[in-house]
Structure formats: C-alpha cells, structure tokens
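The next block holds one structure in the form of structure tokens; read it before the comments.
The values are calculated or read from the model by the stated rules, or taken from the named source; none is laboratory data. If you're wondering where the values come from, they're calculated on a predicted model, not measured in any experiment. Methodologically, a virtual Cβ is constructed for each residue, glycine included, from the backbone with ideal geometry; neighbour enumeration extends over all protein chains shown.
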C-alpha cells in the first residue's frame, strides 16, 4: 500500500498478518507515520455460508481454506446490494465479501484468487453512507491470482475517484460457470493511496485519530498549524503561524471581528522557529486585541488590567509598565526597591520625592489601648493632633521624638 499523505511507501499488502476471525485488531504494531495501519480490520459484514467464514480470504493459509458462497448462489443468491453507478441505482442479488479498514484508501488495484469460474466481479466502496461503483471485470477468474488495475480494467470510470474505508467485492447471480452451484475465494489483496488514520465522520462530528468523535471536531494526537513558509521573516512586520478563533455562527470574522482568539506569530527579523503566543479578547464594542502575550524571549506581557482571586508566586523579575492595584494583601519574601533594581535594605527607595505614610485621627488607629506586639514599630500621621506618632510597648501611641509637624 502507498500512503501519499504520510510518506509511507512499499509496505507489504499483507500488513494485517494472518486473520483468525472476522475482526482483526492491530494496535501499537506500527509507530510513527506507519501507525495509520493500526486499528480494526473487519470482514464480519460479508455474506456467510456455514463455517466458511470470510476471514479465510485473508489468512493466507496453506491448508486450502477459503470463503465459500451460498449453495446454489448462481441461481439463488442470499443477499441483495444496491449501489450508484454514474446516475443509476443498481440493485443486484449477489454474494459478497465486505472489508472495513481503520484508514481511508483510494483503491487502484486488487489481486483475487477464486476456486470456481467467475465471469462477473464488481467492486463498490462506501461514501457518505452510500455504496458507489469502483470497478467491474467480466473476464474469467479461476484458479490463480488475477491482478486487476487500470492497465486492464477501468477504475472509477462511472464515478469520480474517492477515498473509502469500506469495500464490497460482489459476484451477482448467474455469474459463475454453468453447472457449478457456488464458488470460493481463496485470496484477496488490495492496494491504493491512503488518506489518513481513522478519519471518521459520525453524526456530523469529525474525528481524527478516533472513530467515535464526541464533538464537532475531536483530534486524538498532535495537531500542527502551518500558515507561513519556513525561514526568516523579512516582511517588516510580524507574521502569524496561525490562529484559533471563537465567534458566533455566521459572524464576519474579518479584521479581528470575533470574540476571542489564540495566535502564534514571529517578529520581523526572526525565523519561523521563533514563536510568540498571544491571547486576545473583545468586549463586544471593539475588535479583538491581544490581552496577554507569552514572548519568545520568555517575558510575559499583560496588555490590560490583571485581577487575581488567589495567590501569585513569582520566582524571578516582574515588570509593570502601568499601574499595579492590589485589593487585599501582598507578601514579599525578600527586599523591595523603588527606583532601584538592587535594594540593600528591606524597603529601599531611590527617589527625590517623598514617602507618604498613613494619615488619620485617634479613632482610626489600627490598634489603640490594647498592648499588641504585632503592631510594634507602626508609624502614622495623626491629623487630629497634627503630630507624627508611633506605637510601641505598653499599647500606647506616642509622638515621634525628633519629628515635628
């Protein structure tokens, strides 16, 4: 099988190994790009005769096992199948083998071996819950491997080529040699271009890497957004790798006219391997703009106000280009510098301005007559007495000696 999407080529057609029952599950046998082949291979939907189960077609056994059609299937087949050929609906009594893969493939060749002459073999594939014609041969198949491809039989001649994960190989009534009541298929192999691993649509939900998507889009695995070409940005402006956008259904999202987004971009003069991650929002009255940016150099920028309802622990530098408002408490385990990046004492001010301390009257003191050592060393300006005062042992506020109004 050839995989045009994942670069997997020249893998053996017998990737499944030997079947021992109608379903065959492969997980973790292949890795990397070849993991496309992992999953459930199922032939249980085929028509069945006694114990000649359809999985015998794929077991490559040397014990002469095979799948056998219903007795008298030449005149009285056990199944009916409908499919689209060009614009016509074809309804046919037949016997068939149905195989479902864990990936989607555009079939371009198959090899089949039968025991009993078959003069009409048709191949159909499932697309959007409907089977469509892919190929048919009317030459004799009997007793040896018959390879069918575009060199000897047209594929998709009546319908446009498509990818599918489910195929039927069917033999209509009156298609085997006269005097033979049934036929056997002893081997079947398929080949084609593989679209991807378990791309599945279920009730309008698209699943990538999963056959049971729980939302409009579910991806099991990594996802890559690649918008620009690789290399250096010489545009004179930043270039986006891509973005994820949220907006209402039908909303015109041009010019950032959406509710919120996450975008990755790299600056002018840098390469696509450099990445800044920006989170943007809109309040509904303006277009969405960046609010928080994680820069490639490791510095994070809040471009708007920041509100925190819990603790903030910082192990490194913090830079504010605008105001910092704290509603509750601030705890600093270290030193604080105002106007200096290298404070030498607990609170170090390097400025020609002033330090403004709390101002209030007697009844506004944080503690009054009770001796509370937690408040020792507190200072304030008492605008009722017009004095600078301090609190110390004994639970009293006293005028600061040497400091006058």
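Annotations
- Number of the exception - residue 221 against (1) touching a strand residue (DSSP E or B) at 6+ places or on another chain (Cβ under 6 Å); (2) free of Cβ contacts under 8 Å to residues at least 40 places away in the same chain; (3) closer than 30 Å to residue 210 by Cα; (4) in a loop (DSSP other than H, G, I, E, B): (1)
- Within the stretch 337-364, the residues that satisfy the criterion of being outside any loop (DSSP other than H, G, I, E, B) and either within 25 Å of residue 399 (Cα to Cα) or in contact (Cβ under 8 Å) with a residue 60 or more places away in the chain (or both) are 347, 348, 349, 359, 360, 362, 363, 364.
- Scanning the stretch 56-67 finds one or more residues that are modelled with pLDDT under 80, within 25 Å of residue 162 (Cβ to Cβ) and either buried (at least 18 other Cβ atoms within 10 Å of the Cβ) or in contact with a strand residue (DSSP E or B) (Cβ under 6 Å, 6 or more places away or on another chain) (or both).
- The lone exception for residue 255 - which of (1) outside any loop (DSSP other than H, G, I, E, B); (2) assigned by TED's automatic domain parsing to the domain that holds residue 305; (3) in contact with a strand residue (DSSP E or B) (Cβ under 8 Å, 6 or more places away or on another chain) it fails: (3)
- Condition broken by residue 343, with the remaining ones in (1) surrounded by 13 or more Cβ atoms within 10 Å (Cβ to Cβ); (2) more than 60 Å from the chain's Cα centre (by Cα) satisfied: (2)
- The stretch 206-235, subset closer than 22 Å to residue 287 by Cβ and more than 15 Å from the chain's Cα centre (by Cα), residue surrounded by the fewest Cβ atoms within 10 Å (Cβ to Cβ): 235
The rows are residues; the columns are (1) modelled with pLDDT of 90 or more; (2) exposed (fewer than 10 other Cβ atoms within 10 Å of the Cβ); (3) on the phi < 0 side of the Ramachandran plot.
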| position | (1), (2), (3) |
| --- | --- |
| 312 | no, no, yes |
| 318 | no, yes, yes |
| 334 | no, yes, no |
| 352 | yes, yes, yes |
